[in-house]
Structures are given as structure tokens and as C-alpha cells.
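*Asks:* Please find one structure pasted underneath; my questions will follow.
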Amino acid sequence: MSMNSYHFTPAGRPRARHYGIPFEGVPGPHNAITDVPGVAVGYTTLIEGEGPLAVGQGPVRTGVTAILPRPRDQLAAPVFAGLFSANGNGEMSGAHIIEEIGAFNFPITITNTHSCGVTRDATLGWMNARAPSVMEDAWGLPVAAETYDGFLNDINGFHVKPEHVFAAIDGAVEGPIEEGSVGGGTGMIVFNFKGGSGTASRRVEWAGETFTVGAFVQANFGQRRNLMIRGRRVGAELAEPAMIERTPRMEKGSIIAVIATDAPFLPHQLKRLARRVPLGVAWTGGLGYHSSGDIFLAFSTANAEAATGARGRRLAAEFVPEADIDRFFDALVHSVEEAILNAMVANDDMTGRDGNFVPALPKDWLKRSYG
């Protein structure tokens, strides 16, 4: 266990625990979704240009995140999964087959709203290039999700290209991962502070074994007046620093969350996990406003043989009894809450298109309040 991973990202950015924010539960070794064995995360971050918007040229403040649910040589093998849309003003491809059969395969990608199709298709291209035998006589329906970054980014310039998706998947790592303005989270905003990519995990003891629940969020939601940190309403005292809106910012917030676990759950139970994500969002002050696409996916790396569904024989799957699931709900809600706050804390001010400015959550205020 690396306590340093609890306090800093690999690049040295402080995480929420560095400031003494008192979270509940016991994290995994890196307090990240990658604490679930076999899960990896990769980013391509695109930051270029400044000044007035010139569509197709920039400024660029975007990227793509790749989450690998299994090791690269096993990505064709499905994982059991469940999905919940708390507010459907957003997109997550692959949702219909997850609803139908309770499973998906291939890498997950998260990007900006107008690049979701590119990352979906590029994921198929990556699988065809890296594992052509998988794609010879089969179709693929990969998961690709999005949130809107058009306040800071030239979103209609379509700067995310297939090679950026390839790089994110190829660069995905286990262990500690970056947070903040990286990957698909590069241009995102949370409670009118800089937001983006965040992660956390919790250990769960059950039936003599230790399991992990990990959360990854692309956070881009919320009004500052609603911001809460561990039950404390702090939005009112954080009116400054304010955003600078050189162009009008209509409310276009969203949050995508991906939950991973190595605990054995069936698809309907994973849907139950996904349904609890809004509780972690609410603990930070997110209220699911009209334009917020709040879409959540949970998957389990257990039961690989059953999830693959080989023909011609009876399959068996293990699962946690429903009566014992509450401790996993605790772990999920705690992980989501901390992941959102990590996305805010591991961040800096950002100026984007047309001089639009989003401040980071002030570090001196965090020191005074919790240090």
C-alpha cells in the first residue's frame, strides 16, 4: 500500500486526502479504479492554442480516456455489467446490449460530446488491429460515453482522432493514475470549478475474502451554491474565485461514472450498484439538473467463464447474496464521492476558447479548512 498514492497523483498533483478531508472506508492500494485487478486506465490529453475560437483550429482543451475492464489479451472476453441512467441528457453507446444481456466487452472510452462516435469506432479499429481474429466473424458494440466541454474547447473542431484513441488504449496502465484535466476530462467543469477525471476505491470484507470496489468519474456538473464536502455546505463561502464567461455559458453539465469490482455479482446486481451512484454524486451537491447527462455503468471482473457464455453446456456463476450487498453499496457511494472531489482537487486554473476561464478549487482554502 502506498500512502503517497493516497495523497498525490503520479505527476505530483495533490489529491483530496492530502488536505485532510475525512473520508469513510478503507481504500485499495492506490485509491483508484485500477485497484481492481486487471483494470487499466489510459489517457490522451489535447491542449493547444489560446485566444478567440476558430472552429477547426482551436483552442483545444479535450481528450479521450480509455478504461480496460480486462488485460489486453482478454479484452474480447465479456464482463457482467449493469447500467443506470439517472438523467438521459447524454450518451453511452452499447447501452442497449448491456440492458439486453447484462454484459459488454472491449475497452470503454470517455470523451467530449461531439467525439463520442469517433472513440466508439476507433475502439473497433483498435480491436481489429490488435486482435483481428476476434473481429473476423463477429460484431462489436463498445461502450463510449461523453460530457460537454464546449465552454473551454473547440468542440465543433472534432480534434479527437482515431490515433488519439489508439494511444489512450495502448497507454493504459494499472496502479496509480492521473486525475484532473486529463483525457476526456480535460475541458470539464464541476460546481463552476475545474473538474474532469477522478478516481477512488474501497476495500470490502465479505465471507473471509477482501474485494475491491473502484470508481472512475468524468465529472462536469453542478452549481457552486450546492457544493458540499463531507456534508458541509461550502458553496456559499466559495463565491470567489469566479469563472470568467467571455461567451455565455449555458448549463450543460454531466457526469459519467464507471464502477469496477472483482466481487462476484450478477448483471441485475450490477444494475443495483449503478443505481446507487447518484447518492455519491448527491453527497457532493449534484442534483441531476435538466441538462446533466448522468449515466452510470458498473461491471464485475468475476465469473469470466459464465460471462463468456460458451455454448452447449450448463454454466455456473457465483454471486454475493442480496442480503449482503449493503456493504458494497457503502463502498460504491464513498468511492464516487471521493472520486469527484479528487477530480476537483488534482487540478489547476484553465483558460480556454475566447478567454473563458475556470478556476481550480482554491488550495489555500483547502489548507485552512481541512489541513
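The values are calculated or read from the model by the stated rules, or taken from the named source; none is laboratory data. As the structure is a computational prediction, the values presented were derived from the model and not from experiment. Methodologically, a virtual Cβ is constructed for each residue, glycine included, from the backbone with ideal geometry; neighbour enumeration extends over all protein chains shown. With ligands, DNA and RNA removed, areas are computed over all heavy atoms of the protein, side chains included. Shrake-Rupley method; radii C 1.70, N 1.55, O 1.52, S 1.80 Å.
*Asks:* Does LYS252 satisfy being in contact (Cβ under 8 Å) with a residue 24 or more places away in the chain, open to solvent by 50 Å² or more (accessible area, probe 1.4 Å) and at negative phi? Let's see the steps before the verdict.
*Replies:* Working: in contact (Cβ under 8 Å) with a residue 24 or more places away in the chain: yes; open to solvent by 50 Å² or more (accessible area, probe 1.4 Å): yes; at negative phi: yes.
Against the criterion (in contact (Cβ under 8 Å) with a residue 24 or more places away in the chain, open to solvent by 50 Å² or more (accessible area, probe 1.4 Å) and at negative phi), LYS252 qualifies.
*Asks:* Looking only at residues in region 203-234 that are part of a strand (DSSP E or B) and within 14 Å of the chain's Cα centre (by Cα), which one is farthest from ILE177 (Cα to Cα)? Walk me through it before giving the result.
*Replies:* First, the residues of region 203-234 that are part of a strand (DSSP E or B): 203-206, 209-220, 228-229, 232-233.
From the residues that got through so far, the ones that are within 14 Å of the chain's Cα centre (by Cα) too are 213-220.
Details: VAL213: 16, GLY214: 13, ALA215: 12, PHE216: 11, VAL217: 13, GLN218: 14, ALA219: 16, ASN220: 19 Å.
So, considering only residues that are part of a strand (DSSP E or B) and within 14 Å of the chain's Cα centre (by Cα), the one farthest from ILE177 (Cα to Cα) is ASN220.
*Asks:* Can you find, within region 182-215, the residue that is nearest to ILE47 (Cα to Cα) among those that are in contact with a strand residue (DSSP E or B) (Cβ under 6 Å, 6 or more places away or on another chain), in contact (Cβ under 8 Å) with a residue 12 or more places away in the chain and open to solvent by 10 Å² or more (accessible area, probe 1.4 Å)?
*Replies:* Result: VAL182.
*Asks:* Please state which one of LEU53, LEU46 is open to solvent by 50 Å² or more (accessible area, probe 1.4 Å), of a type in the set (A, V, I, L, M) and farther than 28 Å from ALA317 by Cα. I'd like the intermediate steps shown before the answer.
*Replies:* Numbers: LEU46 fails: open to solvent by 50 Å² or more (accessible area, probe 1.4 Å).
Going through LEU53, LEU46 in turn, the sole match is LEU53.
*Asks:* Cβ-Cβ below 6 Å, separation at least six or inter-chain, first residue in region 85-104 and in contact (Cβ under 8 Å) with a residue 12 or more places away in the chain, second of a type in the set (Lys, Arg): which pairs?
*Replies:* From region 85-104, the pairs are SER93/ARG120.
*Asks:* State the number of residues belonging to region 165-181 that are surrounded by fewer than 24 Cβ atoms within 10 Å (Cβ to Cβ) and part of a helix (DSSP H, G or I).
*Replies:* Residues in region 165-181 being surrounded by fewer than 24 Cβ atoms within 10 Å (Cβ to Cβ) and part of a helix (DSSP H, G or I): 3 in total.
*Asks:* Something else now. Kindly indicate which of PRO278, PRO321 is touching a residue at least 40 places away in the same chain (Cβ under 8 Å) and not hydrophobic (A, V, I, L, M, F, W, C).
*Replies:* Working: PRO321 fails: touching a residue at least 40 places away in the same chain (Cβ under 8 Å).
It is PRO278.
*Asks:* Next question. Strands (runs of 3 or more DSSP E) wholly in region 69-149 with at least 2 residues that are open to solvent by 50 Å² or more (accessible area, probe 1.4 Å) - which ones? Show your work before the answer.
*Replies:* Values: elements: 79-88, 108-112, 144-147.
It comes to 79-88.
*Asks:* Another question, if that's okay. Which of the residues spanning region 221-249 are among the charged types (D, E, K, R) and on the phi > 0 side of the Ramachandran plot? It would help to see each step written out before you state the result.
*Replies:* Applying the first criterion (among the charged types (D, E, K, R)) to region 221-249 yields 224-225, 230, 232-233, 237, 240, 245-246, 249.
ARG230 - this is the single residue of region 221-249 that is among the charged types (D, E, K, R) and on the phi > 0 side of the Ramachandran plot.
*Asks:* Taking region 289-316 as the region of interest, how many residues are touching a residue at least 60 places away in the same chain (Cβ under 8 Å), surrounded by 11 or more Cβ atoms within 10 Å (Cβ to Cβ) and outside any helix (DSSP H, G or I)? Walk me through it before giving the result.
*Replies:* First pass over region 289-316, keeping only residues touching a residue at least 60 places away in the same chain (Cβ under 8 Å): 289-304, 306-309.
Pick out the ones that are also surrounded by 11 or more Cβ atoms within 10 Å (Cβ to Cβ) and you get 289, 291-304, 306-308.
Narrowing further to those that are outside any helix (DSSP H, G or I): 289, 291-303.
Counting residues in region 289-316 that are touching a residue at least 60 places away in the same chain (Cβ under 8 Å), surrounded by 11 or more Cβ atoms within 10 Å (Cβ to Cβ) and outside any helix (DSSP H, G or I) gives 14.
*Asks:* Only one of THR65, THR34 is part of a helix (DSSP H, G or I) and either surrounded by fewer than 15 Cβ atoms within 10 Å (Cβ to Cβ) or under 16 Å from the mean Cα position of the chain (by Cα) (or both); which? Outline the logic, then answer.
*Replies:* On the way: THR65 fails: part of a helix (DSSP H, G or I).
Only one candidate passes the filter, namely THR34.
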